[in-house]
Every structure is written in C-alpha cells, then in structure tokens.
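So the structure is just underneath, and the comments pick up after that.
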Amino acid sequence: MEGDEMKAQTIEEKQYLVRFKADKQSHLTVLDHDICQTKCKEKYCTLFCPGEVYKWEGTRMHVGYEGCHECGSCRIGCPYQNIKWEYPKGGHGVVFRLG
Ligand code: SF4
Ligand code: SF4
C-alpha cells in the first residue's frame, strides 16, 4: 500500500467526518442537578463523553446535546443513573460522512 494512503488521520480530520443535524429539543436530560453538585465530585460525564457535551457550570450541568455522537456511554457511565438518554428523533442527530 502507498505511504500516503497509510497516513494516520488526526483527531481533527476524523472529527471532520462527523456532522450533526441538531433537533431543537434535547434528547439528553440531566435529571437532578443536585446529585451532580452534591454527590458526584468527579463529574464523570465531563470525562467520558467524547463529544464534550457536558460542562459543569458551578451549580448545574450544561448539556450541549447538539454535539452528541450517540455513543451511548452516558447511559452506563453515570454512576447515579442521572442522565436520561434517548435516540434523537428520526432525521436528526449525528451523520457520518464516509467514502
Ligand atoms: S456523571 Fe452523572 S451524577 Fe455525575 S455529574 Fe455527570 S450527570 Fe451528574
Ligand atoms: S451518547 Fe456519548 S457523545 Fe452523546 S452525550 Fe452520551 S457520552 Fe456524550
């Protein structure tokens, strides 16, 4: 195989392949912001989410659902089952540009 074809892609190049068609309504909900504030010191969702959807704002969790990659990690990653996750409505959400 030619050297150029084997070149590894950077994260930025891979991200370019991902596009989003965001719905107006979030498909992700943090159910109880008090749990985030008082029980979850580590704020795990800010660590495991590849889309950097979760940003702690001091007293509540901001959910930038538009950048969700639909990997499903937050369904199992939140130790308090504090994130309600649904698939985006048909026609919305992540779109992969392949080939
Ligand atoms: S991992 Fe769950 S409990 Fe912890 S900050 Fe995120 S949503 Fe809140
Ligand atoms: S499904 Fe994946 S990308 Fe989307 S919010 Fe959850 S962890 Fe982040």
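Taken together, the residues in the range 81-91 that are surrounded by 13 or more Cβ atoms within 10 Å (Cβ to Cβ) and part of a loop (DSSP other than H, G, I, E, B) amount to 2. Scanning the range 37-54 for residues that are more than 8 Å from ligand 1 (Cβ to nearest atom) and among the basic types (K, R) gives a single hit, K41.
Go through the range 53-78 residue by residue and tally those that are more than 10 Å from ligand 2 (Cβ to nearest atom) and of a type outside the set (S, T, Y). Write out each step before concluding.
Start the filter on the range 53-78 by keeping residues that are more than 10 Å from ligand 2 (Cβ to nearest atom), which leaves 55-62, 66.
This time we only want the ones that are of a type outside the set (S, T, Y), so: 55-58, 60-62, 66.
Adding up the residues that qualify gives 8.
Could you say whether any residue in the range 68-78 is closer than 23 Å to D23 by Cβ, basic (K, R) and at pLDDT below 95? Yes, the conditions are met somewhere in the range 68-78. Residues in the range 27-36 that are of a type outside the set (A, V, I, L, M, F, W, C) and near ligand 1 (Cβ under 9 Å from one of its atoms): D32, H33. Screening G99 against (1) modelled with pLDDT under 90; (2) of a type outside the set (A, V, I, L, M); (3) crowded, with 16+ Cβ neighbours inside 10 Å leaves a single unmet condition, (3). Within the range 54-71, the set of residues being in a loop (DSSP other than H, G, I, E, B) and either of a type outside the set (D, E) or farther than 20 Å from Q81 by Cβ (or both) comprises E57, G58, T59, R60, G64, C68, H69, C71. Highlighted here would be helices (runs of 4 or more DSSP H) found entirely within the range 1-53 that include at least 1 residues which are at pLDDT 95 or above and in contact with a His (Cβ under 8 Å, 6 or more places away or on another chain), but there are none.
The values are calculated or read from the model by the stated rules, or taken from the named source; none is laboratory data. Keep in mind that what you see is a predicted model, and the values were worked out from it rather than measured. Note that each Cβ is placed from the backbone with ideal geometry, even for glycine, and that neighbours are counted across all protein chains shown.
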